Each structure stands twice: as C-alpha cells, then as structure tokens.
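The values are calculated or read from the model by the stated rules, or taken from the named source; none is laboratory data. Quick caveat: nothing in here was measured; it's all calculated off a predicted structure. Don't worry about glycine lacking a Cβ; one is built from the backbone with ideal geometry, like all the others, and counts go over all protein chains shown. For the accessible areas, the whole protein counts, side chains as well, though only heavy atoms, and no ligand, DNA or RNA atoms are used. Shrake-Rupley method; radii C 1.70, N 1.55, O 1.52, S 1.80 Å.
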Amino acid sequence: SMLSMTGARPGEIRHLTWSDVDLERRQIKVWTRKRAGGAKEYRALPVNDTLHGILIRRQKKRIPECDYVFTNPISGGRLKKNSHAVKYMMERLCEKAGVKPFTMYGLRHYAAHRLESSKKASLVQIQRLLGHQKATTTDNYLKSIDPDLSHIGELLDTP
C-alpha cells in the first residue's frame, strides 16, 4: 500500500530509513541514483492519513538496532530485492486477492494513473512525485497504464 500511496519506486521504499521519515511534518524522503553520474538525490513525498497510521504502527514494532522501516523478517536487516519476502510478495497478494498477477512497479504506475484520473494533479506535479526528470517519461507512464489495473485501488485501500 505504501507504493500505491506514494508512487515511489520499490527500491526507494526498501531503502527507506526511520531518519527519512518525518511523522510530524507528514513526509518521507526517498533516495534515488536515477540521475546522470549516479549522484544520490532525495525527494520529499507527502504522507496521507492512512500512510501516517501505517508508519506509526510500524514505528511501534521497530527493531531498535535497525534504522530501516521495512526489515527482513529473518535477518532483521534491510530487505533486499531478491529476498524471499520481497520476491514473492506480489504473487502471493495477487493470488489472495484473486486478481491477475502484477508487479510492485505496477503500483507505481497505478498511483500515477489515479492522480491523472482525479483531474486534481497536473502532469508536472505527478512528474515530481514520481521523481522523473522529464515530463515525457511521466507521460509515457500514464499512456502505458493497463485498464485492467483500474479495479485494484479498493483492494489496496487500507481501512
């Protein structure tokens, strides 16, 4: 749900640390190296009420020795791209929800689509949220949305 509520890249969420979470200001910093030269940059993303509640619950269950928000349940360290918990998570969730399998990256595309469909966010605002340098990249995201994903919003909604 964090991916669909922020539009962040899966790797940005896996690397999210508690020092990048500001519950008071209701924002998170996500870091990327998606720039020329590989320089690490961050962008601040807003935290809505649902996400705020999720982060507060996670903080209460936090492993003090680890600064990562999402940890490997076995090692207690950072979740890695190929760790079992991450690798098969979407497959298991889709099966449980009874929907056609899609990837974590699909949630990023879906977040962009929801913002565009709302008619309340401009292309530039969506571009900034996603961390794209070029509006054409964001436009390509929006054009590539599979209409079959439109029904998953309610499945991902957190009470």
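Remarks
Every residue, every condition in (1) among the β-branched types (Val, Ile, Thr); (2) more than 28 Å from residue 140 (Cα to Cα); (3) outside any loop (DSSP other than H, G, I, E, B), yes or no:
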site: 53; (1), (2), (3): no, yes, yes
site: 76; (1), (2), (3): no, yes, no
site: 86; (1), (2), (3): yes, no, yes
site: 102; (1), (2), (3): no, no, no
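- Residue 42 meets the conditions (1) assigned to a helix (DSSP H, G or I); (2) open to solvent by 30 Å² or more (accessible area, probe 1.4 Å) in every case but one. The failed one is (1).
- Beta carbons closer than 7 Å, at least 6 apart along the sequence or on distinct chains, pair a first residue in region 16-41 that is in contact (Cβ under 8 Å) with a residue 24 or more places away in the chain and among the hydroxyl-bearing types (Ser, Thr, Tyr) with a second that is open to solvent by less than 90 Å² (accessible area, probe 1.4 Å) and assigned to a strand (DSSP E or B) for 17/68; 32/41.
- Remark: pairs (first residue in region 80-107, open to solvent by 90 Å² or more (accessible area, probe 1.4 Å); second residue not in a helix (DSSP H, G or I); Cβ separation under 7 Å; 6+ apart in sequence or on different chains) = 91/101.
- Any chance residue 54 is buried (at least 16 other Cβ atoms within 10 Å of the Cβ), touching a Leu at 6+ places or on another chain (Cβ under 7 Å) and touching a residue at least 24 places away in the same chain (Cβ under 8 Å): no
- Identity of the residue in region 34-48, over 14 Å from residue 16 (Cβ atoms) and among the small types (Gly, Ala, Ser), that ends up modelled with the highest pLDDT: 39
- Residue match in region 81-96 (condition: β-branched (Val, Ile, Thr) and more than 19 Å from residue 9 (Cβ to Cβ)): no
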